[in-house]
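Data block below; observations after.
The values are calculated or read from the model by the stated rules, or taken from the named source; none is laboratory data. The structure presented is a predicted model; accordingly, all values stated were derived computationally and were not measured. With ideal geometry, Cβ positions are generated from the backbone for all residues, glycine too; neighbour counts draw on all protein chains shown. Protein only, heavy atoms only, side chains kept; ligands, DNA and RNA dropped before computing areas. Shrake-Rupley method; radii C 1.70, N 1.55, O 1.52, S 1.80 Å.
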Amino acid sequence: MPHPATWLRVTEAGLYCDPGDFHIDPTRAVPRAVITHGHSDHARPDHGAVLATVETLAIMRARMGDDRAGAAQQAMAPGEGVMRNGVGIRLVPAGHVLGSAQVVLDWQGSRAVISGDYKRRPDPTCAPFQPVACDVFVTEATFALPVFRHPPVEQEVAKLLESLRLFPDRAHVIGVYSLGKCQRLIALLRRAGWERPIYLHGALMALCALYEELGVALGPLLPVPLSKRGAPPALAGEVVLAPPSAETTPWARRLAEPVVCAASGWMRVRQRAKARGIELPLIISDHADWDELLATCAEVEAPEVWVTHGREDALIHALSLRGVRGRALHLVGLGEEDEGEAEPVETAPA
């Protein structure tokens with residue numbers, strides 16, 4: 001039985017399956033690609049053939065345009081399998097964002113699972129992570145330090161609702177990534193009983209509409225109203241979602257004394273929140289934390305774990321203490337979305 005290291009290798013474009021002749025989440029255009037999810041550091045434009053879930057392909061088309069989301073697009077439902085040159089390919093849920101999937105590869109009795117990005121907490125907007133036993137597990141390590149232990153999301157949403165109660169004369173502007181975090185926070189607010197309209201920066205509207213089209217109910221959403229210079233501040237006591245880059249721009253000046261918030265696992269680091277001028281940090285992450293990374297590696301029972309990006313050394317050391325071999329792949333270009341993908345920012349009208 002061939003070890004996965006004999007048939008999976010790192011190339012300039014990323015992780016490549018030799019017998020199947022395809023890349024997984026390549027960082028540049030390639031003839032054949034299997035894509036784990038729609039974030040821009042994993043889903044790049046202009047591939048020849050693209051295999052992904054229905055939702056990921058829809059997200060790619062929405063973000064890139066039909067002509068750049070893959071010359072040929074093959075959609076697979078969770079659990080379905082195809083063969084490519086003798087390599088079995090199956091997609092199973094990763095729990096990261098809508099449509100996110102792990103790539104399960106089987107060749108000559110050997111199995112590797114490429115997880116992409118994933119989380120283990122329940123999320124009303126996407127299917128939960130499904131562990132799959134394997135010989136090699138390929139994992140991220142975004143929050144692979146013991147300091148990163150995410151609190152319950154209900155606790156963080158309660159903090160937001162309490163702040164809204166305490167400051168009814170102020171708008172609460174929450175920085176969120178446009179894909180996944182935005183829609184998840186909306187769904188969490190709805191579950192917590194927030195029934196009023198949630199106001200969106202223009203850069204978030206399209207993907208929220210796509211989520212609705214794909215069957216994820218988000219409730220009443222409205223664009224932030226445009227206002228002329230000198231108009232009174234708007235949306236006191238309301239929830240406003242915006243890309244992180246928009247919170248400190250002239251766009252936010254139309255709002256009533258905004259409470260600047262951010263929803264991210266990075267809000268565990270107080271210095272990062274302070275440097276960004278975050279008044280209300282919300283520790284809500286779409287990635288596994290330290291304990292969840294270790295638990296997942298144990299659950300899939302892989303004797304060897306490869307780490308794509310993040311805090312590789314810490315995770316590999318911790319796994320070695322548990323008798324698991326680790327290897328850092330050093331894949332360049334992954335993790336960029338999690339640092340704050342560049343989003344178009346509206347400017348306030350004159």
Discussion item. Considering only protein heavy atoms and a probe of 1.4 Å, how much of the accessible area of segment 260-336 is carbon and sulfur, as a whole percent?
Written reply: 51 percent
Worksheet item: Once you list every other residue whose beta carbon is under 14 Å from the beta carbon of Leu145, what net charge do they have if Lys and Arg are +1 and Asp and Glu are -1?
Response: -2
Item to complete: Calculate, in nm to one decimal, what Ala192 and Leu226 gain on full extension: separation in residues at 0.36 nm each, minus their alpha carbon distance.
Response: 9.4 nm
Worksheet, complete the sentence: Shape call for segment 190-279, from the Cα gyration tensor axes a ≥ b ≥ c (a/c under 1.5 means rounded, otherwise prolate when a/b beats b/c, else oblate), comes out oblate
Worksheet entry | Equivalent ellipsoid, the chain (semi-axes from 5 times Cα gyration tensor eigenvalues, Å) | 37, 22, 16
Worksheet, complete the sentence: At R0 = 41 Å the Cβ-Cβ FRET efficiency linking Ala29 and Glu257, nearest 0.05, sits at 0.30
Item to complete: Return the distance in nm (one decimal) between the two label points of a simple spin-label model at Glu301 and Ala206, each offset 7 Å from Cα along Cα→Cβ.
Response: 4.5 nm
Fill in: Under 10 Å, Cβ to Cβ, from Ala133 - net charge with Lys/Arg +1 and Asp/Glu -1
-2
Discussion item. What distance in nm lies between label points placed 7 Å from Cα along the C-beta direction at Ala236 and Val269?
Written reply: 3.8 nm
Worksheet entry | Accessible area in square angstrom per residue, the chain, 1.4 angstrom probe | 41 Å²
Practice prompt. Tally up the carbon and sulfur contribution to the accessible surface of segment 76-186 as a whole percent, 1.4 Å probe, everything protein left in place.
Written response: 58 percent
